[in-house]
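Read through the structure below, which is laid out as structure tokens, and then see the notes.
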Amino acid sequence: MRRYCIFRTDRIGDLVLTLPMAEAIKRHDPEAHVTFCVQDYTRSLAELNPWIDDILSIPARDLNGGDAAFSAELKHRGFDVAVFAYPRPRLSLAA
């Protein structure tokens with residue numbers, strides 16, 4: 001099973017436009033495990049998507065990737081693929 005993490009940590013409308021990625025991945029790879037990494041305030045929206053298996057909420061203070069605990073959490077989850085739908089260079093270093 002391939003593990004995907006899709007990062008969409010900017011605005012709520014941008015998250016709405018990115019949510020269909022979960023369905024596209026699942027249709028291509030039905031055994032895939034899809035996690036979305038979102039800001040705390042958009043978590044409830046992501047929870048409504050039946051194609052998403054797990055959600056990581058990231059506090060606004062960690063959006064620049066400076067939190068070692070968050071980086072460790074990402075490594076612990078063992079993602080095979082990380083998709084940065086809104087690139088934040090420092091956040092990508094955490095993955």
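Looking only at residues in the range 12-47 that are more than 22 Å from residue 77 (Cα to Cα) and free of Cβ contacts under 8 Å to residues at least 12 places away in the same chain, which one is farthest from the chain's Cα centre (by Cα)?
This residue is 27.
Of all the residues that make up the range 26-84, how many are modelled with pLDDT of 85 or more, among the polar types (S, T, N, Q) and either under 14 Å from residue 7 (Cα atoms) or touching a Pro at 6+ places or on another chain (Cβ under 6 Å) (or both)?
4
Return the total of residues in the range 1-13 being farther than 13 Å from residue 41 by Cβ and surrounded by fewer than 20 Cβ atoms within 10 Å (Cβ to Cβ).
First, the residues of the range 1-13 that are farther than 13 Å from residue 41 by Cβ: 1-7.
Next, from what is left, pick out any that are surrounded by fewer than 20 Cβ atoms within 10 Å (Cβ to Cβ): 1-3.
Number of matching residues: 3.
Filter the range 85-95 for residues that are farther than 15 Å from residue 4 by Cβ, in a loop (DSSP other than H, G, I, E, B) and modelled with pLDDT under 70 and give the result.
If the condition is that a residue be farther than 15 Å from residue 4 by Cβ, in a loop (DSSP other than H, G, I, E, B) and modelled with pLDDT under 70, then 87, 88 are the ones that fit.
Residue by residue through the range 32-51, note down the ones that are under 18 Å from residue 80 (Cα atoms) and of a type in the set (Ser, Thr, Tyr).
Listed by number, the list holds a single entry, 35.
The values are calculated or read from the model by the stated rules, or taken from the named source; none is laboratory data. Predicted model only: the values in this text are computed from it and were never measured. Here the Cβ is made from the backbone with ideal geometry for all residues, glycine too, and neighbour counts use every protein chain on show.
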